[in-house]
Amino acid sequence: MKYQVVIGLEVHVQLLTNTKIFCGCSTRFGAEPNSQTCPVCLGLPGALPVLNKKVVEYAIRAGLATSCSIAPRSIFARKNYFYPDLPKGYQISQYELPICVDGRLDIEVDGETKRIGITRIHMEEDAGKLVHLETMEAGEKSYVDLNRACTPLLEVVSEPDMRSADEAVAYLKKLHQIVTYLGICDGNMEEGSFRCDANVSLMPVGAEEFGTRAELKNINSFRFVKQAIEYEIERQAEILDEGGKVVQETRLFDPATGTTRSMRGKEEAHDYRYFPDPDLVPLVVSGDWIEEVRSSLPELPDAKRQRYQAELGLPEYDAEVLAASRDIADYFDACVALYPQAKPVSNWVMGEVLRALKEDNREFADCPVTPRLLAEMLKLVESGTISGKIAKTVFDEMYKTGKEPAKIVEEKGLVQVSDTGAIEKIIDEVLTANPDNVEQYRGGKEKLFGFFVGQVMKASKGKANPALVNEILLNKLKG
Amino acid sequence: MKITREQVEHVAKLARLELTEDEKALFTGQLDGILAYVDKLNELNTDGIVPTSHAVPMENAFREDVVAASIGIEKALANAPDRSESFFRVPKVIE
């Protein structure tokens with residue numbers, strides 16, 4: 001039978017705050033186990049949580065960027081379950097009245113735009129980390145590090161609107177792009193700063209009622225999301241084809257095998273007995289606060305892409321690449337502000353800059369060629385001081401040393417030769433040295449023109465003005 | 001009866017409590033009595049009244065996002081029944 005897959009995603013976004021959501025402990029990654037803890041995040045009796053205002057601001061940012069309504073009043077709830085990484089025996093989350101509801105994201109798959117609903121975004125605390133280290137003594141033990149306990153998270157819950165693994169990946173990438181643009185999440189999937197659970201079910205094509213879903217966990221890369229969903233589609237189709245029933249359960253994705261497996265015994269844990277947390281007073285967000293946050297939002301990727309095409313006249317491809325991450329876009333914007341010729345800047349950013357950073361495994365923020373240096377260099381090209389070819393040499397030198405381009409040109413004697421007399425002299429020498437080729441060219445083998453240009457450029461060590469070389473050479477070859 | 005024995009067993013399991021048969025019977029009766037007592041509230045007409053989530057009429061208690069000193073590993077682990085280096089050590093959790 002033919003089946004239609006139905007997918008909804010729950011994404012946990014770890015917020016880039018300095019401190020935890022309900023206490024002043026640092027959220028820095030990689031500290032010694034349990035060194036960033038206090039009575040609140042250890043769940044000691046009598047300790048009281050106090051909400052980090054920044055977390056609310058970041059939640060509002062995320063909500064506005066995904067067209068959600070921001071709830072004027074929301075409350076925190078306790079989600080009760082027992083696990084060794086959860087010291088209080090409950091997780092503080094939001095249940096009945098989350099801070100953001102009814103949003104959406106537009107994704108593009110195969111050239112078609114599709115709208116994916118966002119049911120809600122709520123704030124919650126993360127649990128600690130269970131560690132199983134091989135270096136530690138063997139035996140029936142687990143180890144608990146509570147540094148991560150109480151780290152602020154947003155949970156973004158989508159509607160079951162996706163109909164293929166590709167749509168799920170597109171949605172996830174879009175959301176990832178937005179939260180990193182907003183500066184509320186570092187987006188590091190390997191370290192778990194952006195993680196995803198997928199609810200996947202099948203129904204016969206044409207049916208209206210959704211089938212029973214499985215919840216897939218532990219998917220920490222875009223590639224794995226695709227793999228996990230595609231595996232799950234196959235698994236469920238096989239069960240249904242044999243007349244069986246899909247069991248509603250949580251399944252763990254195993255990246256090593258690309259398969260999912262049942263996490264038995266967790267079913268009953270779904271009875272979380274939520275109730276309002278009496279330790280945290282209701283959160284009221286005023287219209288003024290919302291507007292204040294709205295005015296601080298950066299330009300988002302979709303708007304940027306459109307502006308690059310409409311206002312800067314860049315091709316769609318350039319706009320796509322440059323707007324893909326905030327790092328690239330910020331670099332490009334800074335450079336264009338200093339040298340307002342979008343296309344040359346785009347060519348250099350997408351070409352040499354990206355290449356050099358990639359080879360070096362560096363971030364845009366650490367690029368030795370700052371937007372200002374790149375702009376200065378492009379000005380030298382525009383004024384004819386250096387040729388486009390020499391610019392590559394200057395760029396490499398700037399990248400290595402961080403020196404001013406004008407200084408590099410001066411030190412290395414790279415100034416373009418635009419002196420007609422000097423160029424004529426070089427051309428004469430080249431023509432005299434290659435009489436056979438000159439004769440063949442004049443006999444109709446015009447392809448040889450490139451050969452002459454190459455020889456002239458070589459003789460001038462790349463410094464001859466290419467436009468002048470072409471012009472003079474053409475005249476001289478006419479004879 | 002408001003409360004069944006099965007419900008008591010379920011809640012006990014969620015709370016990781018092991019109850020004897022006598023205790024199950026005892027708590028079923030007690031919980032039932034408590035619920036019957038609280039049930040009096042249902043006699044009130046609460047149409048149009050927003051559910052009370054908090055008893056104190058207060059809102060928006062915030063802290064700024066400024067790091068405060070943690071208490072340190074030794075204090076954090078002081079009450080731990082078992083530890084290894086700077087970790088809490090617990091019975092193995094099976095995934």
Going through A:E108, A:E57 one at a time, which residue ends up being within 28 Å of the chain's Cα centre (by Cα) and either at pLDDT 95 or above or surrounded by 21 or more Cβ atoms within 10 Å (Cβ to Cβ) (or both)? A:E57
Of the conditions (1) charged (D, E, K, R); (2) at pLDDT 95 or above; (3) under 30 Å from A:P276 (Cα atoms), B:E59 clears all except one; give me its number. (2)
Among the candidates A:V285, A:V225, which residue alone is modelled with pLDDT of 90 or more, touching a strand residue (DSSP E or B) at 6+ places or on another chain (Cβ under 8 Å), within 14 Å of another protein chain (Cβ to nearest Cβ) and surrounded by 12 or more Cβ atoms within 10 Å (Cβ to Cβ)? A:V285
Filter result (assigned to a helix (DSSP H, G or I) and among the aliphatic types (A, V, I, L, M)) within region A:378-400: A:L378, A:L380, A:V381, A:I390, A:A391, A:V394, A:M398
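For the structure I just gave you, tell me whether A:I408 is surrounded by 16 or more Cβ atoms within 10 Å (Cβ to Cβ), among the aliphatic types (A, V, I, L, M) and more than 20 Å from A:M350 (Cα to Cα).
Here the answer is yes, as A:I408 does meet what is asked.
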Given the criteria under 30 Å from the mean Cα position of the chain (by Cα), closer than 20 Å to A:P278 by Cβ and buried (at least 21 other Cβ atoms within 10 Å of the Cβ), does A:P98 qualify? yes
Here are the criteria: (1) closer than 15 Å to A:V293 by Cβ; (2) more than 10 Å from chain B (Cβ to nearest Cβ); (3) more than 21 Å from the chain's Cα centre (by Cα); (4) not acidic (D, E). Tell me which single one A:I7 does not satisfy. (1)
What about A:E359, is it of a type in the set (D, E), modelled with pLDDT under 95 and either farther than 30 Å from A:V394 by Cβ or part of a helix (DSSP H, G or I) (or both)? yes
Inside region A:326-346, the number of residues satisfying the requirement of being farther than 21 Å from A:A303 by Cα and in a helix (DSSP H, G or I) is 2
Criterion first (modelled with pLDDT under 95 and acidic (D, E)) does A:E167 satisfy it? no
Within region B:73-87, can you find the residues that are free of Cβ contacts under 8 Å to residues at least 12 places away in the same chain, within 7 Å of another protein chain (Cβ to nearest Cβ) and under 18 Å from A:K20 (Cβ atoms)? B:A76
State whether one or more residues within region A:253-267 are within 14 Å of another protein chain (Cβ to nearest Cβ), more than 34 Å from the chain's Cα centre (by Cα) and among the acidic types (D, E). yes
Could you tell me whether region B:12-30 includes any residue that is assigned to a loop (DSSP other than H, G, I, E, B), within 30 Å of A:A71 (Cα to Cα), more than 10 Å from chain A (Cβ to nearest Cβ) and modelled with pLDDT of 85 or more? no
Can you tell me which residues in region A:60-78 are of a type outside the set (A, V, I, L, M) and surrounded by 18 or more Cβ atoms within 10 Å (Cβ to Cβ)? A:R61, A:G63, A:T66, A:C68, A:S74, A:F76, A:R78
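The values are calculated or read from the model by the stated rules, or taken from the named source; none is laboratory data. Please read all numbers here as calculations on a predicted model, not as lab measurements. Note: ideal-geometry Cβ built from the backbone for every residue, glycine included; neighbour counts use all protein chains shown.
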